[in-house]
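Have a look at the structure below before the remarks.
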Amino acid sequence: MERLNLKHKLGDKWISTLASIWIQCTSGSLYTFSIYSPILKSTQRYDQSTLDTVSVFKDIGANCGVLSGMCFFVLLAAHAQTFFNTANVVTAVRNFPDYSGTAVGIMKGFVGLSGAILIQFYETIFHNKPTLYLLILALLPTINPLLFMWFVRIYDTKEQEEKKLLNSISCVALLLAAYLMAVIIVDHLFSFQLLVRIATFVVLLLLLSSPLCIVPSLRAREKDSSVIHQSLISEGQRFDQEMEVHDTRDSLEEDNLNLLQAMASVYFWILFFAMACGMGSGLATVNNLGQIGESLGYSNFETNTLVSLWSIWNFLGRFGAGYVSDHFLYVKGWARPLFMVLTLSSMSVGHAVIASGMPGALYAGSILVGVCYGSQWSLMPTIASEIFGVKHMGTIFNAITIASPVGSYIFSVRVVGFIYDKEAWGSGCSGTHCFMLSFLIMASATLLGSLAALALFCHTKNFYNQ
């Protein structure tokens, strides 16, 4: 009976994880703003500053866990994402406390990947019809969570297959990202016909469904009770060793802090400032990819390709930062904030590359910025849970993510939009001068953010070395 109960809980735990993944797959519509922003700009007769203001309200809705025409509707539509993200990320951390970095990386990674998934749906069903794409954004991200949210639950169990199964899901995620990148690049080179687009989209759906094979395979392994019993003994010893580490490094503060207590800590504001620089400048980049591509002479299809590829780089950053930081923390003892320092400084290089305006610079720079931007979404919630505790993690990390729309407003409206409108002649702006100064400013800001993260690393190094 005890073994059957364990089997039931194990199945529920992994079904909860898979349900969270599928919800995340349609929760990143904010990263596709560049698909419909040109038509929005032309039909509503917005200048660049006004368009960037609309994008900022999207970012406020998507990043602030709190409840203007067009701005109000964009805020309301994007606001739902905070509920999905908070529920899925906190559930993942509570279900996998020993592998929180990997679990957060998977959840945040699929949000990043969802932009490419949604664009593939758009290119297959509503090619070159951005107004119909807006209709899809109203329906699909609503229906999908309603179908799967009933399965997202917290299970306070620890099983012998956790790391292996998380690695299996990670492999599926990497395969999915590689497939999407291949489809995007080949489509860019040869322009798929409708039947080919449909076939590639069906394969995409099959890949998204493939994690369903993981849970039955785990259940099959449980049939041999003697093997399981032996595994539980050995894994129990390993968990005891790992929990000794976690017991000595439960959180930097003595107790699980609530939001007000966390805000009284210098660590909260260091994270807030670093995220305002990193997340804010990253959002300003993706929100303006359409206008940057247009000013440099890119076609609409090339701009859509850039946005799709951004989702891939975003995913790689979110997933990779969680997995890699987990590995080096437990194997090498490297403090997790060190990876925030490295990624923010690399993002500064990416902004400088885009500012150069050289041929191919937008592609190369968007890779660096996309990967490093995605990394912050994996590193920040995990670091927050380790410093402040997991009890109020959802509230605390959502409060820190307010830095994202704050930074987005500063960089998108006050920097990018303002400078673009000053450089524009007539109905638009053409040439590298339209965005060069803006990206040099953002490069300087992210470098300053990396210095703030370095201060956090220095202050928490002894804590992580325990």
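The values are calculated or read from the model by the stated rules, or taken from the named source; none is laboratory data. These numbers were taken from a predicted model, which means no experiment stands behind them. Quick reminder, even Gly has a Cβ in these numbers, built from the backbone with ideal geometry, and neighbours come from all protein chains shown. Surface areas here come from the heavy atoms of the whole protein model, side chains and all, with no ligands, DNA or RNA. Shrake-Rupley method; radii C 1.70, N 1.55, O 1.52, S 1.80 Å.
When the residues of region 83-92 are filtered to those that are β-branched (Val, Ile, Thr) and open to solvent by 10 Å² or more (accessible area, probe 1.4 Å), the one that is nearest to the chain's Cα centre (by Cα) is 86. Restricting region 263-293 to residues that are modelled with pLDDT under 90 and small (Gly, Ala, Ser), the residue that is surrounded by the most Cβ atoms within 10 Å (Cβ to Cβ) is 290.
Residues of region 412-466 being in a helix (DSSP H, G or I), open to solvent by 20 Å² or more (accessible area, probe 1.4 Å) and either within 22 Å of residue 359 (Cβ to Cβ) or touching a strand residue (DSSP E or B) at 6+ places or on another chain (Cβ under 6 Å) (or both), which ones? Those that are in a helix (DSSP H, G or I), open to solvent by 20 Å² or more (accessible area, probe 1.4 Å) and either within 22 Å of residue 359 (Cβ to Cβ) or touching a strand residue (DSSP E or B) at 6+ places or on another chain (Cβ under 6 Å) (or both): 423, 432, 433, 436, 437, 440. The residue pairs whose first member lies in region 340-367 and is at negative phi, whose second member is open to solvent by 40 Å² or more (accessible area, probe 1.4 Å) and of a type in the set (Gly, Ala, Ser), and whose beta carbons are closer than 9 Å, counting only pairs six or more residues apart or on different chains, are 348/444; 350/364; 351/444; 353/364; 354/364; 358/364; 365/352; 365/356. Can residue 349 be described as of a type outside the set (D, E, K, R), in contact with a helix residue (DSSP H, G or I) (Cβ under 7 Å, 6 or more places away or on another chain) and surrounded by 19 or more Cβ atoms within 10 Å (Cβ to Cβ)? Taking the combined requirement at face value, the residue does not satisfy it. Considered as a group, the residues in region 50-81 that are open to solvent by 30 Å² or more (accessible area, probe 1.4 Å) and modelled with pLDDT of 70 or more include one that is nearest to the chain's Cα centre (by Cα), and that residue is 60.
For region 112-158, enumerate the residues that are among the polar types (S, T, N, Q) and not in a helix (DSSP H, G or I).
Of everything in region 112-158, those that are among the polar types (S, T, N, Q) and not in a helix (DSSP H, G or I) turn out to be 128, 157.
Here residue 298 qualifies as at pLDDT below 85, on the phi < 0 side of the Ramachandran plot, open to solvent by 20 Å² or more (accessible area, probe 1.4 Å) and under 27 Å from the mean Cα position of the chain (by Cα).
Going residue by residue through region 100-122, is there one that turns out to be more than 14 Å from residue 24 (Cβ to Cβ) and modelled with pLDDT under 80? No: zero hits.
Count of region 383-411 residues, restricted to those that are of a type outside the set (Phe, Trp, Tyr) and open to solvent by less than 20 Å² (accessible area, probe 1.4 Å), is 16.
Among the residues in region 148-166, are any of a type in the set (D, E, K, R), farther than 30 Å from residue 324 by Cα and open to solvent by 50 Å² or more (accessible area, probe 1.4 Å)?
Checked against the condition, which is being of a type in the set (D, E, K, R), farther than 30 Å from residue 324 by Cα and open to solvent by 50 Å² or more (accessible area, probe 1.4 Å), region 148-166 yields no hits at all.
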